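What follows is a set of notes on a single structure, which appears directly below.
Computed from the coordinates by the stated procedures, all read-outs in this text should not be read as laboratory data. As the structure is a computational prediction, the values presented were derived from the model and not from experiment. Every residue, glycine as well, gets a Cβ built from its backbone with ideal geometry; the counts of neighbours run over all protein chains shown.
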Amino acid sequence: METKLKIVVFGAFGAGKTTLVRTLDPASRHIEANCAGGTTTVGLDFGRMRHNECTIHLYGTPGQERFEFAREIIAKGMDGAVLLVDVTVPVDDFTRDLAHSLHAARVPYVVFLNKCDGAGADPCAFMALFVTEEVRTISARDPVQCRDALLQFAGTLNPRTTSRAG
């Protein structure tokens, strides 16, 4: 028997969601558009990783408020969520709303504080904002940190069991 998890990554524009998914799965797929300063996710990011007999499906969501409809579609059937937060900028209402929505929906989630080594980073201030949730400091560019943090969170979830077709 094989198990599967669907984990959705939420966060504001520029938090590092695409980077996190790419770090966890270098063969991941992305629906992006050009914008000032580079690209931005306008559909989703999708990646997979395997751990033991479990396949973890990762979905990164767009970070702009106008893509609420896409986040709702992507979130359907999720087993858990990651709220990715850029600690080099003040927390915004969008991030607070995402945390509130996940909490209200009773979705198991973890907060990953990203860019802790960046200029102006203040991870301690953000930890105080998320005292009721599990909070981990990561660098979305560090494959070992990302994998360890995600697998630790995934270990707290209840994966779905599927029979393996031969």
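Table for the structure above
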read-out	value
For the range 91-166, the spread of Cα positions along each principal axis, largest first, Å	53, 31, 18
Lysine pair number, Cα distance threshold 18 Å (strictly under), the range 2-156, separation 8 or more or different chains	4
Selected from His57, His103, His30 as most flexible by GNM, with the chain as the system and alpha-carbon contacts under 10 Å	His103
Karplus (6.51, -1.76, 1.60) ³J(HN,Hα), θ = phi - 60°, over the range 120-134, in Hz, Gly and Pro reported as x	x, 5, 9, x, 4, 5, 6, 4, 5, 6, 10, 5, 8, 10, 6
Phi to ³J(HN,Hα) by Karplus 6.51 cos²θ - 1.76 cosθ + 1.60 over the range 93-109, Hz, x for Gly, Pro	4, 4, 5, 4, 5, 4, 4, 4, 5, 5, 5, 5, 7, 6, 8, x, 8
Ellipticity estimate at 222 nm from DSSP helix runs (n ≥ 4, -39,500 (n - 2.57)) divided over the chain, nearest 500	-8000 deg cm²/dmol
Net length gained if the chain between Glu53 and Phe69 were fully extended (0.36 nm per residue, minus Cα distance)	2.5 nm
Vicinal HN-Hα couplings computed from phi for the range 5-18 (Karplus, 6.51 cos²θ - 1.76 cosθ + 1.60; Hz; Gly/Pro x)	10, 10, 10, 10, 9, 10, x, 6, 3, x, 5, x, 4, 4
Placed amide H near Leu83: partners under 5 Å, 5+ positions off or other chain	Phe10, Val110, Val111, Phe112
Fluctuation leader among Lys76, Lys115, Lys17 - the chain, Gaussian network, Cα springs under 10 angstrom	Lys76
Packing-based order for 149-156, 6-13, using average beta carbon neighbours within 10 Å, highest first	6-13, 149-156
Residue among Leu151, Phe130, Ala119 farthest towards the positive dipole end of the range 2-156, charges placed on Cβ	Leu151
Cα radius of gyration and Dmax for the chain (Å)	15.2, 53
